[in-house]
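S.K.: Below you'll find the structure I mean.
The values are calculated or read from the model by the stated rules, or taken from the named source; none is laboratory data. All values derive from a computational prediction rather than experimental measurement. For neighbour counting, all protein chains shown are included, and Cβ atoms are generated from backbone atoms with ideal geometry for every residue, glycine included.
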Amino acid sequence: MRFFPVLTALIVAVGIYFIVFEREALVAFARGETAPEAVAEAPPPDDIAARPPVSVLVYRSKAQSVDSGIILRGRTEAARRIDVRAEISGLVISEPLRKGAAVETGQVLCELDPGTRLVALAEAKARLAEAQINETAATSLAEKGFGSETVATARRAALESAAAGVERAAKEIERLKITAPFSGILETDAAEIGALLQPGSPCATIIQLATIKLVGFVPERDIARMSEGALAGARMIDGSTVSGMVSYLSRSADPTTRTFRVEIEVPNPDLKIRDGATAEIFIALSGERAHLLPQSALTLDDDGSLGIRAVFDGAARFQPVEVIRDSTEGIWVTGLPDETDVIVVGQEYVIDGRRVTVTYREPGE
């Protein structure tokens with residue numbers, strides 16, 4: 001009679017063991033499945049390409065020629081600017097022209113008192129006449145044999161010296177009138193009447209504004225993308241816009257900022273643009289090949305580099321790109337082959353080498 005309680009206790013103990021320690025096998029047995037221990041575990045795939053493919057949406061992009069540009073902060077400069085200075089000393093005897101006045105090429109800005117220069121010119125002319133007579137007589141005597149060739153040569157030298165004296169005195173007279181070397185606007189008053197000018201003293205400052213320069217400084221990473229003759233424009237501080245062409249690119253960088261000077265010539269017939277005004281300059285870079293992609297296609301790799309994921313031979317691969325311009329239609333990037341299958345949906349769920357199942361997105365979707 002004591003046999004049955006022992007058997008019952010044994011059966012209960014075995015049941016508890018299976019429920020606690022062999023639960024999975026017991027569940028599998030109840031479902032008619034093979035116990036997990038009987039199934040050999042599949043080794044994890046060592047190759048990423050062996051993993052099941054991931055479904056992605058792909059846009060087949062073709063490179064296009066796009067006009068991009070560089071925006072600089074710059075200023076305006078007069079096409080010409082010069083301080084007109086005296087070459088000789090003298091008192092100013094002309095009424096001064098006031099700043100802002102328009103002047104023409106050759107117009108007298110300052111006239112100096114001639115002093116004794118007219119007398120010096122008359123004296124030089126008299127010496128020239130005397131030297132001509134002496135030279136003629138000495139040459140005639142030498143030809144007839146009554147004078148030496150040495151004396152004749154000395155007289156010719158004296159004649160040339162006298163002629164040079166006349167020319168020098170005449171040049172001094174010309175320098176009494178200080179004239180404008182080109183047409184422009186007086187930036188300063190001309191020298192006041194009665195002022196004593198020495199050689200190098202300023203008479204007036206002239207600027208030419210009919211053509212004006214836009215001056216900016218380009219970073220060294222961008223200077224190689226620019227060329228002389230490129231189209232350019234600028235927005236002035238008052239909102240007005242102007243356009244012109246790149247006329248000069250510096251070959252030497254500023255030692256402090258490591259930037260290169262660039263100049264754009266802009267017509268200014270009405271003289272509205274002033275010298276030294278602030279300008280926002282845009283320089284066009286035409287002929288670049290770029291892809292227009294949705295901004296959501298951009299992603300980062302493990303190193304933080306900006307790029308996209310594309311499909312090559314059925315597998316995903318990261319491609320670094322450079323953004324050159326954005327627009328309402330998307331973002332323009334370079335650094336990709338001319339024709340690229342860009343993953344636009346699902347790029348965040350794949351890594352390099354992962355095989356993908358591609359669904360192509362039609363343009364405009």
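S.K.: Which residue is farthest from GLU265 (Cα to Cα), if the candidates are limited to segment 71-97 and must be part of a strand (DSSP E or B) and among the charged types (D, E, K, R)?
M.R.: This residue is ARG85.
S.K.: Can you tell me which of GLY115, GLY100 is at pLDDT 90 or above and of a type in the set (Gly, Ala, Ser)?
M.R.: After applying the criteria, what remains is GLY100.
Conditions tested, residue by residue: (1) in contact (Cβ under 8 Å) with a residue 24 or more places away in the chain; (2) over 30 Å from ILE207 (Cβ atoms); (3) of a type outside the set (Phe, Trp, Tyr); (4) surrounded by 14 or more Cβ atoms within 10 Å (Cβ to Cβ).
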{"position": "ALA124", "(1), (2), (3), (4)": "yes, yes, yes, yes"}
{"position": "GLY147", "(1), (2), (3), (4)": "no, yes, yes, yes"}
{"position": "ARG156", "(1), (2), (3), (4)": "no, yes, yes, yes"}
{"position": "ALA164", "(1), (2), (3), (4)": "no, yes, yes, no"}
{"position": "GLU174", "(1), (2), (3), (4)": "no, no, yes, no"}
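S.K.: Which of the residues spanning segment 78-102 are hydrophobic (A, V, I, L, M, F, W, C) and either more than 19 Å from ILE173 (Cα to Cα) or free of Cβ contacts under 8 Å to residues at least 40 places away in the same chain (or both)?
M.R.: Of everything in segment 78-102, those that are hydrophobic (A, V, I, L, M, F, W, C) and either more than 19 Å from ILE173 (Cα to Cα) or free of Cβ contacts under 8 Å to residues at least 40 places away in the same chain (or both) turn out to be ALA78, ALA79, ILE82, LEU97, ALA101, ALA102.
S.K.: If you don't mind, there's one more thing I want to ask. Please find, within segment 126-150, the residue that is farthest from ALA163 (Cα to Cα) out of those that are of a type in the set (Gly, Ala, Ser) and in a loop (DSSP other than H, G, I, E, B).
M.R.: GLY145
S.K.: State yes or no: is ARG156 outside any loop (DSSP other than H, G, I, E, B), touching a Ser or Thr at 6+ places or on another chain (Cβ under 9 Å) and modelled with pLDDT of 90 or more?
M.R.: When the stated conditions are applied, ARG156 does not pass them.
S.K.: Would you point out the residue of segment 205-227, among those that are of a type in the set (Val, Ile, Thr) and in contact (Cβ under 8 Å) with a residue 60 or more places away in the chain, that is surrounded by the most Cβ atoms within 10 Å (Cβ to Cβ)?
M.R.: Filtering segment 205-227 for residues that are of a type in the set (Val, Ile, Thr) and in contact (Cβ under 8 Å) with a residue 60 or more places away in the chain, the one surrounded by the most Cβ atoms within 10 Å (Cβ to Cβ) comes out as ILE212.
S.K.: Let me ask something else. Evaluate segment 221-229: report whether one residue or more is at pLDDT 90 or above and not polar (S, T, N, Q).
M.R.: So far as segment 221-229 goes, no, none of its residues is at pLDDT 90 or above and not polar (S, T, N, Q).
S.K.: Can you pull out every residue in segment 268-311 that is surrounded by fewer than 13 Cβ atoms within 10 Å (Cβ to Cβ), without any contact (Cβ under 8 Å) to a residue 60 or more places away in the chain and touching a strand residue (DSSP E or B) at 6+ places or on another chain (Cβ under 8 Å)?
M.R.: PRO269, GLN295, SER296, LEU300, SER305
S.K.: While we're on this one: Would you confirm, using the coordinates I've provided, whether GLU111 is surrounded by 14 or more Cβ atoms within 10 Å (Cβ to Cβ) and under 60 Å from the mean Cα position of the chain (by Cα)?
M.R.: When the stated conditions are applied, GLU111 passes them.
S.K.: If you don't mind, there's one more thing I want to ask. If you go through segment 319-342 one residue at a time, do you hit one that is within 19 Å of ARG51 (Cβ to Cβ) and either modelled with pLDDT of 85 or more or exposed (fewer than 15 other Cβ atoms within 10 Å of the Cβ) (or both)?
M.R.: no
S.K.: In segment 167-277, which strands (runs of 3 or more DSSP E) lie fully inside it and hold 2 or more residues that are closer than 30 Å to VAL92 by Cα?
M.R.: Result: 177-179, 184-186, 202-219.
S.K.: On the given criteria, is PHE217 hydrophobic (A, V, I, L, M, F, W, C), modelled with pLDDT under 95 and under 30 Å from PRO114 (Cβ atoms)?
M.R.: Here the answer is no, as PHE217 does not meet what is asked.
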